[in-house]
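In what follows, a structure is listed as structure tokens, so that the remarks can point back to it.
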Amino acid sequence: MSYRRPVNLMLLYTVPFVSMLMVLIILLSIWSIHKHKEEQITELIETGRAISSHITANIKNAENPLISPFIVSDKSAITFKILNLKDTESLDNQSSGADSVERYSIRKTDSSRLFQYQRVIKTSDGRDSILSIQIPMTLSDSIHKKKIYRDIFSFLAIGLLSVAFVFYTSWRLSKRISSGIDRELEETRLKALIELAGATAHEMRQPLAVVIGFSDLLKDRIKNSEDVEEDLKIIKEQCLRMDDIIKKMLNITHYKTIEYTDGVRIIDLHGQHLKRRN
């Protein structure tokens, strides 16, 4: 992955954040579902307690208008009945109230669920009986499903806004970092080019001066019919020297610099060449 590209840098910053955010949203959703289930049971228990208190306070007359709404045959209505202790079935949950024992369970029917709340009461003849109240959970389920969906939607909305903000911020930051890397690379290339130019001038100046000098000397000796073999030999050696310098420049894979003059550094062509051969 090239970190000079803003897209790659942005992904490097955002992918871990988005992954952790997704995990957090999932955990929050699970927590919300569990929390609303607990709240629903608590609300139904409190409803059962309130209804049982109302019924026991007016139980003397079944035709009492305060009692009759709870004994209608409509399947969506709250119903109750009084049972003998020996006729009751064992239930999953049991808790102790302030002055009586209460129990509850959830039963599934073909179309919905029923919350059954039971409480031990004293009948008019003084015997212990069970007041069993059945509360349809259709409305309660609908309300808490909407609450769960609302919470999950809120988590997702916050998550999407956070991701959008992080993407935007990371993109701006990545562009700046990428521009900084490009500038640094350009400065490095320019510095290397200056150092290479300085090394080239330094290494080529001497053999060029020798070739130019002996070319002038060779011209004079030819006019005077003198022997020029030695001069030609020296010119050839200097040309071969320049060719060797050019080969070293073409074979540069790494380099080191040396102090040239007045704080100027140049590439050490001979040093890097020997290091490459070793």
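The values are calculated or read from the model by the stated rules, or taken from the named source; none is laboratory data. Predicted model only: the values in this text are computed from it and were never measured. Positions of Cβ are backbone-derived with ideal geometry, glycine not excepted, and every protein chain shown enters the neighbour counts. Heavy atoms of the whole protein, side chains included, go into the accessibility calculation; ligands, DNA and RNA do not. Shrake-Rupley method; radii C 1.70, N 1.55, O 1.52, S 1.80 Å.
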Roughly speaking, what is the stretch gain from residue 47 to residue 189, that is 0.36 nm per residue apart minus the C-alpha to C-alpha distance, in nm to one decimal? 43.2 nm
Report the extension gain between residue 157 and residue 101 in nm, rounded to one decimal, defined as 0.36 nm multiplied by the number of residues separating them, less their alpha carbon distance. 15.7 nm
Sites residue 35 and residue 165, calculated FRET efficiency, Cβ-Cβ separation with R0 35 Å, nearest 0.05: 0.80
Starting from the 7 Å offset along Cα-to-Cβ, what nm value, one decimal, do you get for the label separation of residue 127 and residue 236? 13.6
Once both label points are put 7 Å beyond Cα along the C-beta direction, the residue 58-residue 22 separation in nm becomes 5.6
Pop a pseudo-label 7 angstrom from the Cα along the beta-carbon direction at both residue 223 and residue 175 and give the gap in nm to one decimal. 7.0
From highest to lowest solvent-accessible area (probe 1.4 Å; ligands, DNA and RNA excluded), 15, 210 read 15, 210
Greater than 19 Å separation of Cα atoms is the criterion. Which listed pairs, 81/145; 219/247; 37/81; 191/247; 35/147, meet it? 81/145; 219/247; 37/81; 191/247
Full extension from residue 212 to residue 114: what is 0.36 nm times the residue separation minus their Cα-Cα distance, to one decimal in nm? 24.3 nm
So for R0 = 25 Å, FRET eff. of residue 146-residue 81 from the Cβ-Cβ r, to 0.05, ends up at 0.20
Per residue, the convex hull enclosing the alpha carbons of region 140-259 has a volume in Å³ of 152
